[in-house]
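> Structure provided below as structure tokens; questions to follow.
The values are calculated or read from the model by the stated rules, or taken from the named source; none is laboratory data. The model shown is predicted, which means the values in this text are computed figures rather than measured ones. Cβ placement follows ideal geometry from the backbone for every residue including glycine, while neighbour counts extend to all protein chains displayed. SASA here: full protein model, heavy atoms, side chains in, ligands and nucleic acids out. Shrake-Rupley method; radii C 1.70, N 1.55, O 1.52, S 1.80 Å.
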Amino acid sequence: MWPRGGYHGVDVRDVARLHAAVLAPGAGPRRFLVPGHFIDGHTLFGALREVTGRRLPHLVVPAGAI
């Protein structure tokens, strides 16, 4: 089951670059933004189906039902 709507997915490589930047010594206080992409259930499961070659059924339901 998947909640109606989706989630904000971020590439792990972007998160790793952010961690490296935060840990750089001597840079002082600063702010970082890690942009990502909104992914709905149909997009996510479609991509997984394409990569794995397997049928991955999912049911989109209201978030309150989950």
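> Taking the chain, which chymotrypsin sites (Phe, Trp or Tyr not before Pro) meet the DSSP loop condition and have no more than 15 other C-beta atoms within 10 Å? Kindly include the intermediate steps, with their values, before the conclusion.
Working: sites: Y7, F32, F38, F45; in loops: F32.
Taking the chain and a limit of 15 other Cβ atoms within 10 Å, the loop chymotrypsin sites (Phe, Trp or Tyr not before Pro) found are F32.
> Additional query: Helix 12-22 versus the longest principal axis of the chain: what is the Cα-based angle in degrees, 0 to 90, to the nearest 10?
Long axis of 12-22 versus the principal axis of the chain: about 20 degrees.
> Please list 3J(HN,Hα) in residue order for region 59-66, calculated via the Karplus relation 6.51 cos²θ - 1.76 cosθ + 1.60 where θ = phi - 60°; whole Hz, with x for glycine and proline.
Values, residue by residue: 10, 8, 10, x, 4, x, 6, 7 Hz.
> Ok, one more. With all protein chains present, calculate the accessible area of H8 using a 1.4 Å probe and round the result to the nearest 10 Å².
For H8, solvent-accessible area is about 110 Å².
> Let me have the relative contact order for the chain, percent, based on Cα pairs under 8 Å that are six or more residues apart.
Details: 58 pairs, mean separation 37.1, N = 66.
RCO, the chain: 56 percent.
> Tilt of helix 41-52 relative to the longest C-alpha principal axis of the chain, in degrees (0 to 90, nearest 10)?
Rounded to the nearest ten degrees, it is 90.
> If you take the square roots of the eigenvalues of the alpha-carbon gyration tensor of region 7-59 and sort them as a ≥ b ≥ c, do you get rounded (a/c under 1.5), prolate (a/b over b/c) or oblate?
Verdict is prolate for region 7-59.
> Report the full-extension gain for the segment H8 to D40: residue separation times 0.36 nm, less the Cα-Cα distance, to one decimal in nm.
Working: separation 32, 0.36 × 32 = 11.52 nm, distance 0.89 nm.
Fully extending the segment from H8 to D40 adds 10.6 nm.
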